[in-house]
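Inspection log for the structure reproduced underneath, given as C-alpha coordinates.
The values are calculated or read from the model by the stated rules, or taken from the named source; none is laboratory data. Treat the numbers as computed from the prediction; the structure is a model and nothing was measured. Ideal geometry is used to build each Cβ from the backbone, glycine not excepted, and the neighbour counts take in all protein chains shown. Remember, those area values only see protein heavy atoms, side chains included, never the ligands or the DNA or RNA. Shrake-Rupley method; radii C 1.70, N 1.55, O 1.52, S 1.80 Å.
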Amino acid sequence: MNRLLTHATVITMNPDRDILEDAAIYIQDDRIQDIGATTTLLPKYPDCEQMDCRDRVIMPGMVNTHTHLFQTLLKGLGDDRVLKDWFCGMTGPSAVHLTPEDCYAAACHGCVESIKSGTTTVVDFMYAHPRGQLTEAVIQAFQATGIRGIVARGYLTQGVELGVPAPLIEPIDQALSDACDLMDQYNQPGARVQVGLAPCMIWSVDRETLDKTRQLASDRRALITIHIAETPLEIENSLQRFGMRDLQYLQSIDFLGADVLAVHCVYCEASDLPILQRHNVKVSHNPCSNMYLASGFAPIPQMLRAGVTVGLACDGPASNNNSNMIQTLKFGALIHKGYHRDPTIITAEKVLEMATIEGARAIGLDHDIGSIEPGKKADLVVLNFDNVFVTPVHSPVSSLVYAALGNEPETVLVDGQVVMRDRQVQTVSETEVMQASQHAANELARRAGTDRFKQRPWRS
(Lines give C-alpha, C1' and ligand atoms only; values in the text may rest on other atoms or scores of the structure.)
Protein backbone atom coordinates (compact mmCIF):
# COMPACT_ATOMS: atom_id res chain seq x y z
CA MET A 1 0.00 0.00 0.00
CA ASN A 2 1.20 3.50 -0.84
CA ARG A 3 0.75 6.16 1.83
CA LEU A 4 1.32 9.88 2.16
CA LEU A 5 1.82 11.26 5.67
CA THR A 6 1.16 15.01 5.59
CA HIS A 7 1.44 18.23 7.61
CA ALA A 8 3.94 16.85 10.13
CA THR A 9 7.04 18.08 11.90
CA VAL A 10 9.63 15.51 10.78
CA ILE A 11 12.76 14.72 12.80
CA THR A 12 14.74 13.15 9.97
CA MET A 13 18.00 12.09 11.68
CA ASN A 14 19.52 12.40 8.20
CA PRO A 15 23.21 13.40 7.90
CA ASP A 16 22.26 17.08 8.27
CA ARG A 17 19.86 16.29 11.13
CA ASP A 18 17.14 18.30 9.40
CA ILE A 19 13.88 18.97 11.20
CA LEU A 20 11.20 19.76 8.63
CA GLU A 21 8.03 21.73 9.31
CA ASP A 22 4.69 21.05 7.57
CA ALA A 23 6.38 18.18 5.78
CA ALA A 24 5.13 15.06 4.05
CA ILE A 25 6.54 11.56 3.63
CA TYR A 26 5.55 9.37 0.68
CA ILE A 27 5.75 5.62 1.30
CA GLN A 28 5.66 3.04 -1.46
CA ASP A 29 5.26 -0.51 -0.21
CA ASP A 30 7.87 -0.90 2.57
CA ARG A 31 10.12 2.07 1.77
CA ILE A 32 10.25 5.84 1.94
CA GLN A 33 10.25 7.22 -1.59
CA ASP A 34 9.97 10.96 -1.14
CA ILE A 35 10.12 13.64 1.56
CA GLY A 36 9.30 17.30 1.19
CA ALA A 37 6.86 20.10 1.85
CA THR A 38 3.27 18.96 2.12
CA THR A 39 2.24 21.51 -0.51
CA THR A 40 4.76 19.95 -2.92
CA LEU A 41 4.01 16.27 -2.32
CA LEU A 42 0.19 16.42 -2.19
CA PRO A 43 -0.23 17.11 -5.93
CA LYS A 44 2.53 14.63 -6.82
CA TYR A 45 0.80 11.67 -5.18
CA PRO A 46 -2.97 12.22 -5.39
CA ASP A 47 -4.04 8.56 -5.57
CA CYS A 48 -2.60 7.11 -2.36
CA GLU A 49 -3.93 6.75 1.17
CA GLN A 50 -3.37 9.99 3.07
CA MET A 51 -2.68 10.24 6.78
CA ASP A 52 -3.08 13.75 8.19
CA CYS A 53 -0.36 14.26 10.80
CA ARG A 54 -1.18 17.85 11.62
CA ASP A 55 0.15 18.86 15.04
CA ARG A 56 2.14 15.62 15.13
CA VAL A 57 5.88 14.84 15.13
CA ILE A 58 7.26 12.00 13.01
CA MET A 59 10.56 10.39 13.91
CA PRO A 60 12.43 7.23 12.87
CA GLY A 61 11.47 4.16 14.86
CA MET A 62 13.91 3.68 17.71
CA VAL A 63 16.36 0.77 17.94
CA ASN A 64 16.65 -1.04 21.27
CA THR A 65 20.09 -2.61 20.92
CA HIS A 66 19.84 -4.97 23.90
CA THR A 67 17.16 -6.76 25.88
CA HIS A 68 16.20 -10.19 27.25
CA LEU A 69 12.49 -10.43 26.52
CA PHE A 70 11.88 -13.57 28.56
CA GLN A 71 12.56 -11.38 31.61
CA THR A 72 9.23 -9.63 31.03
CA LEU A 73 7.83 -12.35 33.30
CA LEU A 74 10.29 -11.43 36.08
CA LYS A 75 9.51 -7.74 36.58
CA GLY A 76 9.96 -6.74 40.20
CA LEU A 77 11.33 -10.04 41.49
CA GLY A 78 14.99 -9.03 41.54
CA ASP A 79 14.83 -5.59 43.07
CA ASP A 80 17.69 -4.18 45.14
CA ARG A 81 20.40 -6.70 44.28
CA VAL A 82 23.76 -6.50 42.55
CA LEU A 83 24.00 -8.39 39.29
CA LYS A 84 25.53 -11.63 40.58
CA ASP A 85 22.93 -12.01 43.34
CA TRP A 86 20.18 -10.94 40.93
CA PHE A 87 21.22 -13.59 38.40
CA CYS A 88 22.15 -16.44 40.72
CA GLY A 89 19.29 -15.93 43.16
CA MET A 90 16.38 -15.09 40.85
CA THR A 91 16.96 -14.78 37.12
CA GLY A 92 18.98 -17.95 36.55
CA PRO A 93 16.71 -20.19 38.64
CA SER A 94 13.68 -18.74 36.85
CA ALA A 95 15.24 -19.32 33.43
CA VAL A 96 15.62 -23.02 34.22
CA HIS A 97 11.83 -23.39 34.20
CA LEU A 98 11.09 -21.50 30.99
CA THR A 99 8.81 -23.12 28.42
CA PRO A 100 8.16 -22.07 24.81
CA GLU A 101 4.76 -20.78 25.93
CA ASP A 102 6.43 -18.62 28.57
CA CYS A 103 8.88 -17.17 26.07
CA TYR A 104 6.17 -16.43 23.53
CA ALA A 105 3.98 -14.68 26.12
CA ALA A 106 6.92 -12.69 27.49
CA ALA A 107 8.25 -11.67 24.08
CA CYS A 108 4.80 -10.65 22.80
CA HIS A 109 4.35 -8.45 25.86
CA GLY A 110 7.83 -6.91 25.45
CA CYS A 111 7.27 -6.27 21.74
CA VAL A 112 3.94 -4.56 22.46
CA GLU A 113 5.63 -2.39 25.12
CA SER A 114 8.31 -1.53 22.58
CA ILE A 115 5.90 -0.59 19.82
CA LYS A 116 3.74 1.51 22.14
CA SER A 117 6.79 3.51 23.25
CA GLY A 118 8.17 4.13 19.77
CA THR A 119 10.62 1.26 19.22
CA THR A 120 10.44 -0.54 15.88
CA THR A 121 13.64 -2.65 16.10
CA VAL A 122 14.75 -4.85 19.00
CA VAL A 123 17.85 -6.97 19.59
CA ASP A 124 16.84 -9.81 21.90
CA PHE A 125 19.75 -11.55 23.65
CA MET A 126 18.11 -14.94 24.28
CA TYR A 127 20.67 -16.78 26.42
CA ALA A 128 18.44 -19.17 28.43
CA HIS A 129 17.99 -22.61 26.85
CA PRO A 130 17.10 -25.29 29.40
CA ARG A 131 14.99 -26.93 26.65
CA GLY A 132 14.38 -26.57 22.95
CA GLN A 133 12.18 -24.21 20.94
CA LEU A 134 12.68 -21.18 23.18
CA THR A 135 14.37 -18.98 20.58
CA GLU A 136 11.73 -20.02 18.06
CA ALA A 137 9.05 -18.80 20.46
CA VAL A 138 10.67 -15.35 20.61
CA ILE A 139 10.91 -15.22 16.82
CA GLN A 140 7.23 -16.13 16.55
CA ALA A 141 6.39 -13.22 18.86
CA PHE A 142 8.36 -10.85 16.63
CA GLN A 143 6.45 -12.12 13.63
CA ALA A 144 3.07 -11.89 15.36
CA THR A 145 3.53 -8.32 16.60
CA GLY A 146 5.13 -7.02 13.40
CA ILE A 147 8.25 -5.60 15.03
CA ARG A 148 11.66 -5.71 13.36
CA GLY A 149 14.58 -7.31 15.10
CA ILE A 150 17.50 -9.62 15.60
CA VAL A 151 17.00 -12.56 17.93
CA ALA A 152 20.49 -13.48 19.09
CA ARG A 153 20.67 -17.18 19.94
CA GLY A 154 22.59 -17.13 23.20
CA TYR A 155 24.39 -19.78 25.22
CA LEU A 156 26.31 -20.43 28.43
CA THR A 157 28.89 -23.21 28.23
CA GLN A 158 30.39 -23.07 31.74
CA GLY A 159 30.10 -21.25 35.06
CA VAL A 160 28.35 -23.65 37.44
CA GLU A 161 30.96 -22.86 40.09
CA LEU A 162 30.04 -19.17 39.77
CA GLY A 163 26.32 -19.75 40.14
CA VAL A 164 25.08 -20.54 36.64
CA PRO A 165 22.34 -23.19 37.04
CA ALA A 166 23.50 -26.49 35.51
CA PRO A 167 20.41 -26.86 33.27
CA LEU A 168 21.40 -23.65 31.44
CA ILE A 169 24.82 -25.01 30.43
CA GLU A 170 24.92 -26.22 26.80
CA PRO A 171 27.61 -27.95 24.73
CA ILE A 172 28.75 -25.37 22.22
CA ASP A 173 28.29 -27.65 19.21
CA GLN A 174 24.67 -28.23 20.20
CA ALA A 175 24.00 -24.51 20.64
CA LEU A 176 25.61 -23.56 17.34
CA SER A 177 23.85 -26.37 15.48
CA ASP A 178 20.56 -24.92 16.66
CA ALA A 179 21.72 -21.43 15.67
CA CYS A 180 22.61 -22.67 12.19
CA ASP A 181 19.18 -24.22 11.75
CA LEU A 182 17.56 -20.93 12.77
CA MET A 183 19.78 -18.93 10.42
CA ASP A 184 18.93 -21.26 7.55
CA GLN A 185 15.26 -20.61 8.19
CA TYR A 186 15.20 -16.87 8.96
CA ASN A 187 18.32 -15.09 7.66
CA GLN A 188 17.02 -14.35 4.20
CA PRO A 189 17.86 -11.14 2.31
CA GLY A 190 15.60 -8.32 3.48
CA ALA A 191 13.95 -10.40 6.22
CA ARG A 192 12.35 -8.37 9.00
CA VAL A 193 13.47 -10.86 11.66
CA GLN A 194 16.96 -12.34 11.63
CA VAL A 195 19.11 -14.48 13.93
CA GLY A 196 22.44 -13.59 15.52
CA LEU A 197 24.80 -15.16 18.08
CA ALA A 198 25.17 -14.33 21.76
CA PRO A 199 27.90 -15.94 23.88
CA CYS A 200 26.72 -14.63 27.21
CA MET A 201 29.72 -13.20 29.09
CA ILE A 202 33.35 -14.02 29.69
CA TRP A 203 32.79 -15.99 32.91
CA SER A 204 30.15 -18.23 31.28
CA VAL A 205 32.08 -19.27 28.13
CA ASP A 206 35.42 -20.86 27.23
CA ARG A 207 37.93 -20.37 24.42
CA GLU A 208 36.34 -23.04 22.23
CA THR A 209 32.97 -21.29 22.47
CA LEU A 210 34.47 -17.97 21.45
CA ASP A 211 36.49 -19.43 18.56
CA LYS A 212 33.54 -21.34 17.13
CA THR A 213 31.26 -18.33 17.54
CA ARG A 214 33.73 -16.16 15.65
CA GLN A 215 34.01 -18.66 12.81
CA LEU A 216 30.26 -19.13 12.42
CA ALA A 217 29.54 -15.40 12.53
CA SER A 218 32.13 -14.79 9.82
CA ASP A 219 30.78 -17.60 7.68
CA ARG A 220 27.15 -16.48 8.01
CA ARG A 221 27.73 -12.71 8.29
CA ALA A 222 25.75 -12.70 11.51
CA LEU A 223 25.75 -10.23 14.39
CA ILE A 224 27.60 -11.26 17.56
CA THR A 225 26.53 -9.66 20.82
CA ILE A 226 28.22 -10.27 24.18
CA HIS A 227 28.20 -8.70 27.65
CA ILE A 228 31.52 -6.92 28.25
CA ALA A 229 32.94 -5.42 31.47
CA GLU A 230 29.52 -5.06 33.06
CA THR A 231 30.74 -5.58 36.64
CA PRO A 232 34.09 -6.18 38.38
CA LEU A 233 33.31 -9.93 38.23
CA GLU A 234 33.97 -10.06 34.49
CA ILE A 235 37.27 -8.28 34.88
CA GLU A 236 38.42 -10.40 37.82
CA ASN A 237 37.43 -13.66 36.13
CA SER A 238 39.22 -12.74 32.93
CA LEU A 239 42.36 -11.64 34.76
CA GLN A 240 42.38 -14.90 36.72
CA ARG A 241 41.84 -17.15 33.71
CA PHE A 242 43.66 -15.30 30.95
CA GLY A 243 45.91 -12.77 32.63
CA MET A 244 44.17 -9.84 30.95
CA ARG A 245 40.87 -7.96 30.91
CA ASP A 246 37.95 -9.42 28.94
CA LEU A 247 38.08 -7.00 26.02
CA GLN A 248 41.86 -7.35 25.77
CA TYR A 249 41.51 -11.13 25.77
CA LEU A 250 38.91 -11.05 23.01
CA GLN A 251 41.29 -8.93 20.96
CA SER A 252 44.14 -11.37 21.57
CA ILE A 253 42.15 -14.31 20.11
CA ASP A 254 40.94 -12.32 17.06
CA PHE A 255 37.33 -12.38 18.21
CA LEU A 256 36.59 -8.69 17.72
CA GLY A 257 35.27 -7.11 14.56
CA ALA A 258 32.72 -4.72 13.09
CA ASP A 259 30.02 -7.36 13.61
CA VAL A 260 30.48 -7.40 17.40
CA LEU A 261 28.05 -5.52 19.64
CA ALA A 262 29.56 -5.17 23.12
CA VAL A 263 26.91 -4.69 25.79
CA HIS A 264 27.33 -2.49 28.89
CA CYS A 265 31.12 -1.83 28.93
CA VAL A 266 30.71 -0.15 32.34
CA TYR A 267 34.23 -1.05 33.49
CA CYS A 268 36.03 -0.30 30.25
CA GLU A 269 39.17 1.72 30.94
CA ALA A 270 40.96 4.29 28.82
CA SER A 271 43.18 1.52 27.40
CA ASP A 272 40.08 -0.33 26.15
CA LEU A 273 38.77 2.51 24.03
CA PRO A 274 41.39 2.22 21.25
CA ILE A 275 40.57 -1.51 21.07
CA LEU A 276 36.91 -0.76 20.48
CA GLN A 277 37.74 1.91 17.91
CA ARG A 278 40.44 -0.10 16.10
CA HIS A 279 38.20 -3.11 15.57
CA ASN A 280 35.05 -1.04 14.92
CA VAL A 281 33.30 -2.81 17.80
CA LYS A 282 29.92 -1.26 18.57
CA VAL A 283 28.65 -0.60 22.12
CA SER A 284 25.16 -0.96 23.58
CA HIS A 285 24.59 1.51 26.42
CA ASN A 286 22.08 0.37 29.07
CA PRO A 287 21.84 3.24 31.57
CA CYS A 288 18.72 2.11 33.45
CA SER A 289 19.88 -1.43 34.22
CA ASN A 290 23.39 -0.24 35.08
CA MET A 291 21.85 1.92 37.78
CA TYR A 292 19.15 -0.58 38.82
CA LEU A 293 21.82 -3.24 39.49
CA ALA A 294 24.23 -0.65 40.94
CA SER A 295 26.82 -1.65 38.34
CA GLY A 296 28.08 1.86 37.71
CA PHE A 297 28.37 4.38 34.88
CA ALA A 298 29.80 3.42 31.49
CA PRO A 299 32.35 5.87 30.03
CA ILE A 300 30.06 6.73 27.12
CA PRO A 301 31.26 10.33 26.58
CA GLN A 302 34.83 9.07 26.31
CA MET A 303 33.77 6.37 23.85
CA LEU A 304 31.99 8.92 21.69
CA ARG A 305 35.07 11.16 21.67
CA ALA A 306 37.14 8.12 20.61
CA GLY A 307 34.86 7.59 17.60
CA VAL A 308 33.10 4.45 18.93
CA THR A 309 29.57 3.80 17.68
CA VAL A 310 27.19 3.67 20.66
CA GLY A 311 23.55 2.58 20.59
CA LEU A 312 21.02 2.83 23.39
CA ALA A 313 19.11 0.00 25.07
CA CYS A 314 16.63 -0.83 27.83
CA ASP A 315 18.16 -4.20 28.84
CA GLY A 316 15.92 -6.95 30.15
CA PRO A 317 12.65 -6.04 31.88
CA ALA A 318 13.89 -7.70 35.09
CA SER A 319 16.53 -5.00 35.49
CA ASN A 320 14.83 -1.85 34.25
CA ASN A 321 11.78 -2.77 34.65
CA ASN A 322 10.13 -2.14 31.30
CA SER A 323 10.84 -1.90 27.58
CA ASN A 324 10.20 1.84 27.29
CA MET A 325 12.94 3.47 25.20
CA ILE A 326 11.50 6.95 25.69
CA GLN A 327 12.22 6.68 29.41
CA THR A 328 15.69 5.37 28.59
CA LEU A 329 16.40 8.49 26.51
CA LYS A 330 16.18 10.71 29.58
CA PHE A 331 18.31 8.43 31.75
CA GLY A 332 20.84 8.12 28.92
CA ALA A 333 21.41 11.86 28.95
CA LEU A 334 21.06 12.75 32.61
CA ILE A 335 23.34 10.21 34.27
CA HIS A 336 26.37 11.48 32.35
CA LYS A 337 25.55 15.12 33.04
CA GLY A 338 25.32 14.37 36.74
CA TYR A 339 28.32 12.07 36.95
CA HIS A 340 30.63 14.44 35.05
CA ARG A 341 29.01 17.65 36.33
CA ASP A 342 28.86 18.86 32.75
CA PRO A 343 25.43 19.69 31.27
CA THR A 344 26.76 19.57 27.70
CA ILE A 345 28.52 16.20 27.85
CA ILE A 346 25.50 14.30 26.44
CA THR A 347 22.80 16.42 24.78
CA ALA A 348 19.23 15.56 23.90
CA GLU A 349 20.24 15.43 20.25
CA LYS A 350 23.10 13.02 20.93
CA VAL A 351 21.04 10.58 22.97
CA LEU A 352 18.35 10.58 20.27
CA GLU A 353 21.05 9.74 17.72
CA MET A 354 22.08 6.81 19.92
CA ALA A 355 18.47 5.58 19.92
CA THR A 356 17.99 5.91 16.15
CA ILE A 357 20.71 6.17 13.51
CA GLU A 358 23.59 5.13 15.79
CA GLY A 359 21.56 2.21 17.11
CA ALA A 360 20.91 1.13 13.55
CA ARG A 361 24.63 1.43 12.79
CA ALA A 362 25.44 -0.62 15.89
CA ILE A 363 23.58 -3.61 14.45
CA GLY A 364 24.63 -3.13 10.84
CA LEU A 365 21.25 -1.89 9.58
CA ASP A 366 21.94 1.82 9.11
CA HIS A 367 21.57 1.39 5.34
CA ASP A 368 17.91 0.48 5.93
CA ILE A 369 16.67 2.08 9.16
CA GLY A 370 17.48 4.73 11.76
CA SER A 371 16.68 7.85 9.75
CA ILE A 372 13.94 9.21 7.51
CA GLU A 373 15.48 9.34 4.05
CA PRO A 374 14.37 8.24 0.57
CA GLY A 375 15.20 4.59 -0.03
CA LYS A 376 15.10 3.57 3.62
CA LYS A 377 12.55 1.32 5.25
CA ALA A 378 9.35 3.00 6.35
CA ASP A 379 9.84 2.36 10.08
CA LEU A 380 8.20 5.47 11.47
CA VAL A 381 6.69 6.74 14.71
CA VAL A 382 4.01 9.45 14.76
CA LEU A 383 4.08 11.25 18.10
CA ASN A 384 1.25 13.25 19.62
CA PHE A 385 2.44 15.56 22.38
CA ASP A 386 -1.07 15.87 23.82
CA ASN A 387 -0.44 15.55 27.54
CA VAL A 388 0.26 18.16 30.21
CA PHE A 389 3.63 16.65 31.08
CA VAL A 390 5.24 17.23 27.69
CA THR A 391 3.60 20.55 26.76
CA PRO A 392 4.27 23.41 26.05
CA VAL A 393 6.69 22.37 23.28
CA HIS A 394 9.50 24.59 22.03
CA SER A 395 11.84 21.92 20.67
CA PRO A 396 10.43 18.50 19.69
CA VAL A 397 13.73 16.77 20.43
CA SER A 398 14.04 18.31 23.88
CA SER A 399 10.41 17.52 24.66
CA LEU A 400 10.84 13.91 23.56
CA VAL A 401 14.03 13.30 25.55
CA TYR A 402 13.43 15.30 28.73
CA ALA A 403 9.65 15.57 29.13
CA ALA A 404 7.94 12.64 27.41
CA LEU A 405 6.58 9.73 29.44
CA GLY A 406 6.41 7.01 26.80
CA ASN A 407 2.78 7.12 25.70
CA GLU A 408 3.33 9.88 23.13
CA PRO A 409 3.60 7.49 20.12
CA GLU A 410 0.19 7.47 18.44
CA THR A 411 0.84 5.58 15.21
CA VAL A 412 3.73 3.25 14.39
CA LEU A 413 4.71 1.79 11.02
CA VAL A 414 7.16 -1.04 10.36
CA ASP A 415 8.00 -1.89 6.75
CA GLY A 416 5.31 0.60 5.78
CA GLN A 417 2.63 -1.38 7.61
CA VAL A 418 0.64 0.18 10.44
CA VAL A 419 1.32 -1.87 13.59
CA MET A 420 -0.22 0.71 15.94
CA ARG A 421 -2.97 3.20 15.18
CA ASP A 422 -4.49 5.68 17.64
CA ARG A 423 -2.34 4.13 20.38
CA GLN A 424 -3.83 0.68 19.82
CA VAL A 425 -1.59 -2.11 18.55
CA GLN A 426 -3.16 -3.60 15.43
CA THR A 427 -1.34 -6.92 15.12
CA VAL A 428 -2.25 -8.60 18.42
CA SER A 429 -4.79 -8.03 21.18
CA GLU A 430 -3.15 -5.99 23.94
CA THR A 431 -5.63 -7.35 26.49
CA GLU A 432 -4.89 -10.94 25.56
CA VAL A 433 -1.15 -10.27 25.60
CA MET A 434 -1.31 -8.86 29.13
CA GLN A 435 -3.51 -11.68 30.36
CA ALA A 436 -1.19 -14.30 28.88
CA SER A 437 1.96 -12.72 30.32
CA GLN A 438 0.44 -12.35 33.79
CA HIS A 439 -0.62 -15.99 33.80
CA ALA A 440 2.79 -17.12 32.55
CA ALA A 441 4.56 -14.92 35.11
CA ASN A 442 2.53 -16.32 37.99
CA GLU A 443 3.10 -19.92 36.92
CA LEU A 444 6.82 -19.42 36.29
CA ALA A 445 7.30 -17.81 39.71
CA ARG A 446 5.46 -20.73 41.31
CA ARG A 447 7.56 -23.36 39.50
CA ALA A 448 10.84 -21.56 40.18
CA GLY A 449 10.00 -20.76 43.78
CA THR A 450 10.51 -17.04 43.21
CA ASP A 451 6.92 -16.23 44.17
CA ARG A 452 8.33 -15.79 47.68
CA PHE A 453 9.94 -12.55 46.39
CA LYS A 454 6.58 -11.02 45.46
CA GLN A 455 5.81 -9.64 48.90
CA ARG A 456 8.74 -8.24 50.83
CA PRO A 457 8.54 -6.60 54.25
CA TRP A 458 9.07 -2.87 54.20
CA ARG A 459 11.75 -1.54 56.48
CA SER A 460 12.33 2.10 57.29
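Close Lys pairs in the chain, defined as Cα atoms under 21 Å apart and 8 or more places apart or on different chains, number 13.
Take L73: with every protein chain present and a 1.4 Å probe, its accessible area is about 10 Å². For segment 275-379, applying the loop criterion from DSSP together with a ceiling of 10 other beta carbons within 10 Å to the trypsin sites (Lys or Arg not before Pro) yields R341.
Close amide H contacts of V419 (hydrogens built in the peptide plane, cut-off under 5 Å, sequence separation of 5 or more or a different chain): V412, L413, V414. Qualifying chymotrypsin sites (Phe, Trp or Tyr not before Pro) in segment 277-358, where qualification requires a DSSP coil assignment and no more than 16 other C-beta atoms within 10 Å, comprise F297. Reducing segment 401-460 and segment 1-47 to their Cα centroids gives an inter-centroid distance of 32 Å. Peptides 258-266, 52-60 ranked from most to least packed give 258-266, 52-60, packing being the mean of other C-beta atoms within 10 angstrom over each peptide's residues.
Only protein atoms count toward the accessible area here, which uses a 1.4 Å probe; on the chain, the carbon and sulfur part of that area reaches 49 percent.
Residues whose amide H comes within less than 5 Å of that of H66, counting only those at least five positions distant or on another chain, are V123, C314, D315 (H built at 1.01 Å from N in the peptide plane). Cα convex hull, segment 1-93: 172 Å³ per residue, rounded to a whole number. Accessible area per residue was computed with a 1.4 Å probe on protein heavy atoms; S218 scores about 60 Å².
Between segment 374-390 and segment 54-91, the alpha-carbon centres lie 22 Å apart. Here's how it looks for R153: its modeled amide H is under 5 Å from those of G196, L197, A198, which are all 5 or more places away or on a different chain.
Rounded, prolate or oblate: which one fits the chain, using the alpha carbon gyration tensor with axes a ≥ b ≥ c (rounded when a/c is under 1.5, else prolate when a/b beats b/c, else oblate)? It comes out prolate by the Cα gyration axes. Rounded, prolate or oblate: which fits segment 371-443, taking a ≥ b ≥ c as square roots of the Cα gyration tensor eigenvalues, rounded meaning a/c under 1.5, else prolate when a/b beats b/c? In terms of gyration-tensor shape, oblate.
Note on V388 and N280: the model spin-label points, each 7 Å out from Cα along the C-beta direction, lie 5.1 nm apart.
Coupling constants for segment 218-234 follow from the phi torsions by the Karplus curve (6.51 cos²θ - 1.76 cosθ + 1.60, θ = phi - 60°), and in residue order they are 5, 5, 9, 6, 9, 5, 10, 10, 8, 6, 10, 6, 6, 9, x, 4, 4 Hz; glycine and proline get x. Between 0 and 90 degrees, the angle of helix 134-145 with respect to the longest Cα principal axis of the chain falls at about 10 degrees. Computed on protein heavy atoms with a 1.4 Å probe, the accessible areas place D178, D16, D184, D451 in the order D16, D184, D451, D178, largest first. Short-range pairs are left out: with C-alpha atoms under 8 Å and at least six residues apart, the relative contact order of the chain is 21 percent. When +1 charges are put on Lys and Arg Cβ atoms and -1 charges on Asp and Glu Cβ atoms, the dipole computed for segment 197-325 relative to its Cα centre reaches about 300 debye. Shape class of segment 205-284 from the Cα gyration tensor (axes a ≥ b ≥ c, square roots of the eigenvalues): oblate, since a/c reaches 1.5 or more and a/b does not exceed b/c. Considering helices alone, the calculated mean residue ellipticity of the chain at 222 nm is -10000 deg cm²/dmol, with DSSP H runs of length four and up weighted by -39500 (n - 2.57) and normalised per residue. For the residues H279, H336, a 1.4 Å probe over the protein chains yields an accessible-area ranking, largest first, of H279, H336. Helix 100-116 and the longest principal axis of the Cα set of the chain meet at an angle near 40°.
Rounding to the nearest 10 and keeping the result within 0 to 90°, find how far the Cα-based axis of helix 430-448 lies from the longest principal axis of the chain. Relative to the chain, helix 430-448 is tipped by roughly 10 degrees.
Accessible surface computed residue by residue for the chain, with neighbouring protein chains in place and a 1.4 Å probe, gives 38 Å² per residue. Segment 189-266 and segment 355-371 have their alpha-carbon centroids 21 Å apart.
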